[in-house]
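**Q** Mind looking over this structure? Questions follow.
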Amino acid sequence: MEKKNKKVKKSSKSNKILAIVIIITIVAAILLYIANSMYSWFKQPTDIFLVENGEVIQEETTTGYIIREEVVLQGENYKNGILQIKTEGQRVSNGDPIFRYYSESEETIKNEISQIDSQIQNIIDNNTSVYSSDIKLMETQIKEQVDELYKNNNLQENKEYKQEIDANMTKKARAIGELSPADSEIRNLINRRDEVENSLKNNSEYIQAPLSGIVSYRVDGLEDVLKTDDFSYLNKEFLENLDLKTGQVIGTSEEKGKIINNFVCYIVTTLKSDQAKNARIGDKVKLILSNLEEISATVSYINVEEDDSRTIVFQITNKIEELIKYRKISIDIVWWSYEGWKVPNSSILTEDGKTYVVRNRAGYLDKILVKILRQNENYSILSRYSTEELKEMGYTSSEINSMPKISLYDEILISPEG
């Protein structure tokens with residue numbers, strides 16, 4: 001009886017252990033299933049890529065040296081300093097006065113003109129006459145310009161406002177003088193002002209534009225070094241020996257000015273990239289400036305260096321005014337851009353010289369033959385092969401008809417080999 005009880009107890013204990021093992025196994029299976037489901041749920045977004053329309057570009061960053069057609073202007077009295085008539089970046093025609101040099105008696109004459117202007121203004125302020133509508137319009141314009149002068153912090157614009165105000169004040173005084181009697185005080189003062197101003201003009205050296213173009217007073221001494229008629233002197237060593245700082249603004253000269261061709265400009269750089277080595281004269285590219293301004297350019301000259309790098313000259317025909325203040329700048333060269341079905345390069349398989357992607361459609365995987373139209377370091381633009389192309393590759397009509405084809409919004413594996 002005792003033996004029977006022992007057997008029953010032993011059997012009951014074994015059943016409990018078996019039940020515990022079964023429960024543990026079931027729980028482990030459930031946990032494994034949950035973990036696998038969670039892994040698949042989190043894994044899918046990074047393993048799947050949706051085929052969409054996009055752009056792939058090939059670009060590189062470099063520094064470029066600006067070469068311009070520019071004529072330096074300098075007179076005999078350059079030590080006297082410059083009074084700008086045309087402002088920086090202003091377009092002028094052949095024969096236009098650009099600037100003049102101060103005369104020896106500049107300060108004396110200007111002080112006398114200032115005193116005469118004050119006398120004229122006092123007479124105008126104390127005059128109770130009712131002026132014509134033209135004179136009232138001048139007064140309104142002067143007031144608006146004075147308001148702008150006080151609101152603006154741009155030194156160059158304020159200088160222009162001041163010149164306009166002075167010119168309009170003189171114009172207003174002349175208009176009032178013409179309405180006054182011939183022997184009136186204001187008429188005599190205006191005549192005296194004309195005499196003094198003419199003496200200033202007669203004693204000053206004026207510099208005129210020898211050709212049309214853009215005015216600049218930023219003269220760095222490289223105008224006669226960086227020439228545009230023949231680029232054969234350009235190479236990597238020559239450019240480095242210029243010892244220029246990237247982005248440095250050229251200082252304004254107090255002795256010289258220059259006229260710049262506003263129709264064409266050049267940027268030269270030295271590169272070792274595959275794109276530079278494959279560049280050809282006449283190629284069209286895009287240049288992106290540091291201010292993100294994009295300009296079109298054409299390869300106009302290529303010099304092959306001893307280290308197999310390339311010194312390349314790009315010709316540009318727009319945004320030239322924005323480059324006046326620089327000689328060396330940072331640029332991004334966009335060699336090409338292409339739009340179409342964009343996919344990451346890691347999603348592309350290569351087998352026997354052919355390229356494939358693996359599509360995931362409702363859990364079913366298909367290896368699809370694709371054609372790469374353009375490719376950079378990270379992405380490719382894909383398309384389908386035409387029927388004619390597939391036949392030339394050796395596929396039969398039956399194989400072509402049954403062949404899966406890539407489409408927009410397909411889901412493809414990012415790392416199909418993984």
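**Q** Residue by residue through region 166-182, note down the ones that are modelled with pLDDT under 70, in a loop (DSSP other than H, G, I, E, B) and among the small types (Gly, Ala, Ser).
**A** Matches in region 166-182: Ala182 only.
**Q** While we're here: Which pairs turn up if I take residues in region 386-403 that are of a type outside the set (Phe, Trp, Tyr) and look for partners that are assigned to a loop (DSSP other than H, G, I, E, B) with beta carbon separation below 8 Å, at least 6 apart in sequence or on another chain?
**A** The qualifying pairs are Leu390/Met403; Met393/Tyr385; Met403/Tyr395.
**Q** Output the qualifying pairs, or none if there are none: Cβ atoms under 6 angstrom, residues six or more apart or on different chains, first residue in region 76-99 and at negative phi and not assigned by TED's automatic domain parsing to the domain that holds Ala167, second residue loosely packed, with under 15 Cβ neighbours inside 10 Å and in a loop (DSSP other than H, G, I, E, B).
**A** If the second residue must be loosely packed, with under 15 Cβ neighbours inside 10 Å and in a loop (DSSP other than H, G, I, E, B), the pairs left are Ile82/Glu254; Asn94/Leu211.
**Q** Inside region 1-117, counting only strands (runs of 3 or more DSSP E) that do not spill past its ends, which hold 1 or more residues that are more than 46 Å from the chain's Cα centre (by Cα) and at pLDDT 65 or above? Talk me through it step by step, then tell me what you get.
**A** Values: elements: 48-50, 52-73, 82-84, 97-101.
Passing ranges: none, list empty.
**Q** Give region 307-339 a look and list any residue that's in a strand (DSSP E or B), under 16 Å from the mean Cα position of the chain (by Cα) and of a type outside the set (A, V, I, L, M, F, W, C), or say none.
**A** Gln315, Tyr326, Lys328, Ser330, Asp332
**Q** Please verify whether Val215 is touching a Gly at 6+ places or on another chain (Cβ under 9 Å) and modelled with pLDDT of 95 or more, treating the condition exactly as stated. Please lay out each step first, then the result.
**A** On the way: touching a Gly at 6+ places or on another chain (Cβ under 9 Å): yes; modelled with pLDDT of 95 or more: yes.
Criteria met by Val215.
**Q** May I ask you to list the residues in region 340-375 that are charged (D, E, K, R) and either at pLDDT 95 or above or in a strand (DSSP E or B) (or both)? Spell out the reasoning first.
**A** So the first thing to find is which residues in region 340-375 are charged (D, E, K, R), and the list is 342, 351-352, 354, 359, 361, 366-367, 371, 374.
Result: Lys342, Glu351, Lys354, Arg359, Arg361, Asp366, Lys367, Lys371, Arg374.
The values are calculated or read from the model by the stated rules, or taken from the named source; none is laboratory data. Predicted, not measured: the structure shown is a model, and the values here were computed from it. We place every Cβ from the backbone using ideal geometry, glycine too, and count neighbours over all the protein chains shown.
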